[in-house]
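Here it is, the structure in full.
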Amino acid sequence: MARRRELAAIRAAKARKRRRRRKRIRAAIIFIETFILIMLMGTAYVMAKYDKFQRVDIDKDNIEVNEGITLEGYTTVALFGGDSREGQLEEGTHADTIIIVSIDNESKEIRMASIYRDTLLKQMNDTYRKANNAYFVGGPEEAINMLNKNLDLDIEDYATVDFKAMSDVVDLMGGIEITVTDAEARMMNKYIGETAKAADKEAKELEGAGTYTLDGPQAVTYSRLRKLEGGDYKRTERQREVIKKLFEKVTSTDLATINKIIDTVFPQVSTSFSLKKIIGLSSALMDYKLGENAGFPFEKADGITYPEAGDVVVAQGLAENVKELHEFLYPNETVEEVSDTVQMISEEITLETGVTRPAELDAEPEEDSEGTGEDVDSDNDNDETGGSSYADGGTETGDDSGNTGRPYADTADAKFVEE
């Protein structure tokens, strides 16, 4: 009798175990089905929004990459900021903002490096011009090839926006918090009217130095300031600060706001990204984290006048600067020597401009009195403000990109692109 009760208890326990197992299996199946459904819905959502882009097909066979360049484990993208007020984002537009973005495919860390628009680089027709010349002459494809050629990169895709798009994003996100100096506030008030008019928005002036929640026109004006201490170097720093603030907000915002941003801003974006790549990148949106940012070239000479290009920024040793750029953008990559192409361009720039690389830039850092090994010469750091400033009332000498000697006028109707 006792034996029968024991067997019955065992059978009952086994039955309960089977029921629990079936419940777990059903729960797992429901979870998987729900996950697949969400993924399908997300894919369908992205597909539905994809046609809002100004899509530009770039033939990958036309993209040039220097021999021996392989940047495995990273996705590198070019971001361009155009100065068009009519939504023109192709050739004929001055890309005054050029940012190289590297994405670590494993850690999802994003790093940004601004290429100063006046940097003297070799164009695809073998002439030397400012970096922003390539986009004006041949649009994004020409600009990508120029960046790959001069910087040993393997960029295949890009995105371009004009400043109205940035203004719309900032407003849809409820503004971004930025601390401005008194000089920045005065200069912003001087040009806010034009920016707001181009974006079809209201112009709101600042009261002076302080921390503000900047609206769209204010944020765009702030990011485009140039006639202040630091000139274009400081301007690129402001641009990356605005992008950082927007990134922090986007990754924590609600779907409804993101939907509004997509519907409003995507039509103002020109990109070569395929639907497959966009789905791949967007699927890990919440995993991305913004890392360090910098300006290129790291070591530079400015105020150099070059025939057909005007005042330019010259890398003090392009090859050495490119190597530093790779160390910055690709921290997990083993940085070898630059390609023969970049080495040749570096030597040509030195011959063309007479700008050489000071020996102290490559010297071993001297130890201070505490023996920390820090470089005593603080003038040789990578502070992108560079101690440089563009004088008010100066003139930007033209080149064949269409930068045809437009003055940095102090008049109320001065074109803001020059700021």
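The values are calculated or read from the model by the stated rules, or taken from the named source; none is laboratory data. The structure presented is a predicted model; accordingly, all values stated were derived computationally and were not measured. Neighbour counts run over all protein chains shown; Cβ positions are idealised from the backbone, glycine included.
Taking the stated definitions as given, is residue 347 modelled with pLDDT of 90 or more, farther than 26 Å from residue 102 by Cβ and of a type outside the set (Phe, Trp, Tyr)?
So residue 347 passes the test.
Tell me which of these residue 231 doesn't satisfy, since it passes every other one: (1) at positive phi; (2) modelled with pLDDT of 85 or more.
Evaluating residue 231 over (1) at positive phi; (2) modelled with pLDDT of 85 or more leaves (2) as the failure.
Restricting attention to the range 141-180, report how many residues are among the polar types (S, T, N, Q), surrounded by fewer than 22 Cβ atoms within 10 Å (Cβ to Cβ) and without any contact (Cβ under 8 Å) to a residue 60 or more places away in the chain.
Adding up the residues that qualify gives 1.
Separate question: State yes or no: is residue 221 in a strand (DSSP E or B), under 18 Å from residue 179 (Cβ atoms) and of a type in the set (Ser, Thr, Tyr)? Quick ask: steps written out before the conclusion?
Working: in a strand (DSSP E or B): no; under 18 Å from residue 179 (Cβ atoms): yes; of a type in the set (Ser, Thr, Tyr): yes.
Against the criterion (in a strand (DSSP E or B), under 18 Å from residue 179 (Cβ atoms) and of a type in the set (Ser, Thr, Tyr)), residue 221 does not qualify.
Can you name the residue in the range 260-315 that is of a type in the set (Gly, Ala, Ser) and modelled with pLDDT under 80 and, of all such residues, is surrounded by the fewest Cβ atoms within 10 Å (Cβ to Cβ)?
Of the range 260-315, the ones of a type in the set (Gly, Ala, Ser) are 270, 272, 274, 280, 282-284, 291, 294-295, 301, 303, 309-310, 315.
Next, only the ones that are modelled with pLDDT under 80 stay: 274, 280, 282-284.
Working: 274: 13, 280: 13, 282: 13, 283: 13, 284: 11.
Checking each candidate, the answer is 284.
Another one. For residues that are of a type in the set (S, T, N, Q) and at pLDDT below 95, tally how many sit in the range 319-338.
Keep residues of the range 319-338 that are of a type in the set (S, T, N, Q), which gives 321, 332, 334.
With the extra rule that they be at pLDDT below 95, the set shrinks to 332, 334.
Qualifying residue count for the region: 2.
Show the residue pairs meeting these rules: Cβ distance below 7 Å; 6+ apart or different chains; first residue within the range 181-198 and among the charged types (D, E, K, R); second residue crowded, with 20+ Cβ neighbours inside 10 Å.
Qualifying pairs under 7 Å: 184/222; 184/225; 194/416.
Could you go through the range 232-241 and let me know if any residue there is under 24 Å from residue 327 (Cα atoms) and of a type in the set (Ser, Thr, Tyr).
yes
With respect to the numbered conditions (1) assigned to a loop (DSSP other than H, G, I, E, B); (2) free of Cβ contacts under 8 Å to residues at least 24 places away in the same chain; (3) touching a Phe, Trp or Tyr at 6+ places or on another chain (Cβ under 8 Å); (4) of a type outside the set (A, V, I, L, M), which one is the sole condition not fulfilled by residue 252?
Unmet for residue 252, out of (1) assigned to a loop (DSSP other than H, G, I, E, B); (2) free of Cβ contacts under 8 Å to residues at least 24 places away in the same chain; (3) touching a Phe, Trp or Tyr at 6+ places or on another chain (Cβ under 8 Å); (4) of a type outside the set (A, V, I, L, M): (3).
Same structure again: Answer yes or no as to whether residue 138 is without any contact (Cβ under 8 Å) to a residue 60 or more places away in the chain and surrounded by 17 or more Cβ atoms within 10 Å (Cβ to Cβ).
Spelling it out, residue 138 is indeed without any contact (Cβ under 8 Å) to a residue 60 or more places away in the chain and surrounded by 17 or more Cβ atoms within 10 Å (Cβ to Cβ).
Could you pull out every one of the strands (runs of 3 or more DSSP E) wholly within the range 98-214 that has 1 or more residues that are closer than 16 Å to residue 79 by Cβ, of a type outside the set (D, E, K, R) and under 22 Å from the mean Cα position of the chain (by Cα)?
So the answer is 109-115, 157-162.
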